[in-house]
Every structure is written in C-alpha cells, then in structure tokens.
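I have placed the structure first, in the form of structure tokens, so that the comments after it can refer back to it.
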Amino acid sequence: MLAKSIVDRKVVIIGAGPAGLTAAYELSKHSVPAVVLERDNTVGGLSRTVNHKEYLFDIGGHRFFTKWDEVNQIWREVLGEQFLERPRLSRIFYRKKFFYYPLRAKNALFGLGVVDSARVVFSYLKSRLFYYENEQNLEQWVSNRFGKRLYEIFFKTYTEKVWGVRCTEISAEWAAQRIQSLSLATALRNALYKPQKTKVKTLISSFHYPRRGPGQMWESMAELLRKRDYPILLERPVTRILHDGSGVTAFEATAPNGLETHAGTDFISSMPISELVRALDPPAPKLVQQAAVLLRYRDFLIVSLVVNRKEVMPDNWIYIHDPSVRVGRIQNFKNWSPNMVPDPNKTSLGMEYFVFENDDVWASPDDKLIDLAKCEIAKLGLVKPEEIEDGVVVRMPKAYPMYNSGWAKQVATIRQYLEECLPNLQLVGRNGMHKYNNQDHSMMTALCAAKNIMGAKYDLWAINSEPDYYEEKREHKKPTSPETEAGRPAFAEPLRIPRRRSPIGQR
C-alpha cells in the first residue's frame, strides 16, 4: 500500500549539507526518486572538512552527539568503525588564564583573584534583589542568573564578537537555547558537594567524531547515494523557484553549461530562507518579501595555521574573551582526531573570525588574514611567530542565522505564506528554517520531511523546541524518540517559547 502512494513521487532537494543529504538518504531507503542540487563544488555545507596539504580542518567544530537513536543509526550506517570517541575539553581564555566552560565556580572565582571574585559575588547578590522580571535580551537573561559582573567578564565580549551586535540586541530566547541554564548559586552548590539522586544537567564529557573530520560523513553519504542512483549535482545554485499558486512545480538552477529545470512533485529546501523568498517566481507578496529582507545572518571565516609544535594546548577548542584581538575561538584539530594532521609532531589550529560579509576582515586578502592570525595568536601568548609554518583561509557566508529583534515575527510571516500557498515545499536545516541548531537537529528536520512525503504528519517547526538541550545530558533521563509509544509524532505541537523568569519565590 505504501509503494502505491509514493510510486509517482519525485523529490528535488536544495542543499547537500547534513539536512539535504539526510533527506535524500531516507528517501533512498524507500526507493522514492530524488535529486540534490548544491551550489558549492563539494558536499557537507558548514559541516565540510577542508584539506590543505593533508592538514584537515572543520568550518568550526562539529561534535557528533545526539539524543535521537534515528540519527545515531544513520551515522553508524554510513561510517561504521570510522568513528572515534573523543574526550571533550573547552575552556575560556581570559587575561592569559584558562577557565573551564561551562563555568566551574571554584575555578572561576580562584582564577579571577580576590578583588574580582568579591565583585562577582556582590554583583550576583545584587541581581537577587534587582533583577529583570521580563527578560527581553541576552544581557538581562545572563545577568539574572550570574550577575552583571560575571556577565561582563565571561559572556559579553565573546558573544558580541560572534554576533557583531550588542548583547542588548540579541533575544533572550537565543540565550535560553544556547547557554547552559544554571545560576551562580547552583554552580556553587555543585562545586561544594555532589547532590544525591538529583537530575543534574551537565555538558557531555565526550563525543564521537569521524577519523578524518565531519566531511568524511557527508562525503561517504554522498557516495552511497550515488551508488543508489540518487544524483547529487554540484555547482547548481538555485536561482528560481517556479510555482503555480497551488504548489512548487520546479527548481531552476544555474549549471556549468547553462540553466537547468528540475521538475518534481515534492520539494525540500535548506537554502537560506531569505534567498528562497527572493527566488520565488511569481514573486511573494510584498509583506513576505519585506520579512525576508529583514532577516540577518552572521558570516564566518577561519584561518588554519600549521604550527611546528607537538602540543599547544589540551583543549578541543578555546573561547577568546580578550577584546584586544578579533579572533573569537581557536580550534585545536589535532585534539579532535589525530588523523587531522599528517605529522604527529605538528599541530593545526583554526583561528575563527565571526564577520559580516564584505566587512573589513571578510574583504581582506588571504595573506593579510594569515598575518592577522599569526599576530593575534602570538599576542595571546599561545604560539611563537617563528613556530607558524603555513596558513590557509576559508570563508563561509550565512553561517549563523541571527536572532535579532523581530526575527520570530519575520520567520512566522514567511512560514505562513509558504504553508498556505506552497504546501509541497518543506524547509529543513539551520538556514532553511532560520533556526540556530546543531547538525543532528538539522538531520531530524530532514528525516521527518522525507517521512512526511511518504505519508507522515510531522511538524518540522516543533523539532528543536527544547531550549535546554544543546549537547547537554540530564542524569537518569532516558533519551526520547521522535515518535511516542502510541505512534503519534512527538513534534506535532506548536513551538514552545521558553518561559520568562518569575519573581523570587515563584520560580
């Protein structure tokens, strides 16, 4: 019966990143024809791995950790024994000292010294008396939980580097999703004694990682799809989305040899939602177009440096909370996997810069960016200039959807129009839905989109609605499946907005 309902389907997918490839992979298991269109010349999107003279590096770091068995199963099917289990260590670098992240109370207070520690404690106590009852932005959200002083030391500088705007312009919802939801009081209690029989939320202490970086996963999946006769067409930016008012009829892409039209019955997109709206033909209503224009993105570039030293630091990555340098985070790819470097006596470091496309850093020539990275890592005291042997630059536009003021209303406007007028088009992934999520969440949206084509009724927008889950675990709590025991989609509920903080005594 299932075969009859899907035999005439043909799916066209935009994007060969984790979301697009996962959708195609699920469809291939059920023999539903699909083609993937990718604007770049390689697969993986933001989760690709770049090879520079056999030194491998990510576009950022990509941990393979998920609570969903379905995602774990896909990873295992594709890579099998090519996974490594790696210990996690990430710290904050501030005033040439390392502080654990998430913050550990004793480490933070002793590391700051007596005077700053006293200021932190008094600032926290003040926040208990004078707090923001209706949290609107990140500054208010963090200050309520840690006090203004700790916010200024450990949150403000790095966050503003990442987003290029003041913390008062970043929504509290983003903070609730991306920052471990503890208070300074909780951190102190956990530092002084171990609670018994409590469900304490902690960051994962280890994660899985492909031997040769995350790109190995997506390159392997792409090869499996090609063997199953599922085309993945590279260098195919989609320029027009043709529709007739009742649904999408075709995607038009620019190919190396001219324009191509890819007709289908069902369509999945992981391209930035703002670009999708601009590509609609006939055009979307003015209100929808205006909403798309208002959506913002943060762009990203990485300068990978080859260092002639066996060990630089034990971390997988460190956060740089120093306003005197532009670098925001430094990846240590050798500690992600020893296979990321061809010479065990050398190290590969990724200097990450969060930028806006065409700003002064983005527009700088590669040699100037490599000089900047060399100068900054030497200024931080982590590496000597004479130890740096080589460098390479990779730019990634629209790496991070921004949760600036009004973003939720803008996305809702676009979503309503698409759902009403283009019901055979599903949006998946980080940029496709303008949701700052992890790769496993992107995969789940794609997996459920593929199942919807085969008759399921998943609400893709409700996936990733749990603000307290971002590579965290809660002890004694069993991971959940995307389907309940009764078979009803667990995600078929409206998006839940995190509750605002209540006055003391009513939390």
Subject >> Selection status of MET313, part of a loop (DSSP other than H, G, I, E, B), among the hydrophobic types (A, V, I, L, M, F, W, C) and either touching a residue at least 60 places away in the same chain (Cβ under 8 Å) or in the same structural domain as PHE98 (by TED's automatic domain parsing) (or both) >> reply: yes
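Can you list the helices (runs of 4 or more DSSP H) found entirely within segment 128-238 that contain at least 1 residues being at pLDDT below 95 and touching a strand residue (DSSP E or B) at 6+ places or on another chain (Cβ under 8 Å)? Reasoning before the result, please.
Working: elements: 138-146, 148-151, 157-163, 172-178, 184-192, 215-227.
In segment 128-238, the matching helices (runs of 4 or more DSSP H) lie at 138-146, 157-163, 172-178.
At least 2 residues that are at pLDDT 95 or above, on the phi < 0 side of the Ramachandran plot and out of contact with any Ser or Thr (no Cβ under 7 Å at 6 or more places or on another chain) in each: list the helices (runs of 4 or more DSSP H) lying fully within segment 1-84 that qualify.
18-29, 69-79
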Subject >> Conditions (1) surrounded by fewer than 17 Cβ atoms within 10 Å (Cβ to Cβ); (2) over 30 Å from TRP461 (Cα atoms); (3) out of contact with any Lys or Arg (no Cβ under 9 Å at 6 or more places or on another chain); number of the one not met by GLN416 >> reply: (2)
**OP:** Among the candidates TYR151, TYR131, TYR158, single out the residue that is buried (at least 21 other Cβ atoms within 10 Å of the Cβ), touching a residue at least 40 places away in the same chain (Cβ under 8 Å) and over 18 Å from SER405 (Cα atoms).
**Re:** TYR158
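So, in segment 256-265, how many residues would count as being farther than 21 Å from ALA19 by Cβ and either loosely packed, with under 15 Cβ neighbours inside 10 Å or touching a residue at least 40 places away in the same chain (Cβ under 8 Å) (or both)?
Adding up the residues that qualify gives 6.
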**OP:** Could you list all residues from segment 223-251 that are surrounded by 14 or more Cβ atoms within 10 Å (Cβ to Cβ) and without any contact (Cβ under 8 Å) to a residue 24 or more places away in the chain?
**Re:** THR249
Original post:
Considering segment 299-332 alone, what residues qualify as being of a type in the set (D, E, K, R) and either buried (at least 22 other Cβ atoms within 10 Å of the Cβ) or touching a Phe, Trp or Tyr at 6+ places or on another chain (Cβ under 9 Å) (or both)?
Top reply: ASP299, ASP315, ASP322, ARG326, ARG329
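Rundown of residues vs (1) out of contact with any Pro (no Cβ under 9 Å at 6 or more places or on another chain); (2) in contact (Cβ under 8 Å) with a residue 40 or more places away in the chain; (3) among the aliphatic types (A, V, I, L, M), yes/no style:
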{"residue": "ALA19", "(1), (2), (3)": "yes, yes, yes"}
{"residue": "SER28", "(1), (2), (3)": "yes, yes, no"}
{"residue": "VAL35", "(1), (2), (3)": "no, yes, yes"}
{"residue": "LEU46", "(1), (2), (3)": "no, yes, yes"}
{"residue": "VAL50", "(1), (2), (3)": "yes, yes, yes"}
{"residue": "LYS53", "(1), (2), (3)": "no, yes, no"}
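The values are calculated or read from the model by the stated rules, or taken from the named source; none is laboratory data. Note that the structure is a prediction, hence the values are computed from the model and not measured. Heads up, the Cβs are rebuilt from the backbone with ideal geometry, glycines too, and the neighbour counts pull from every protein chain shown.
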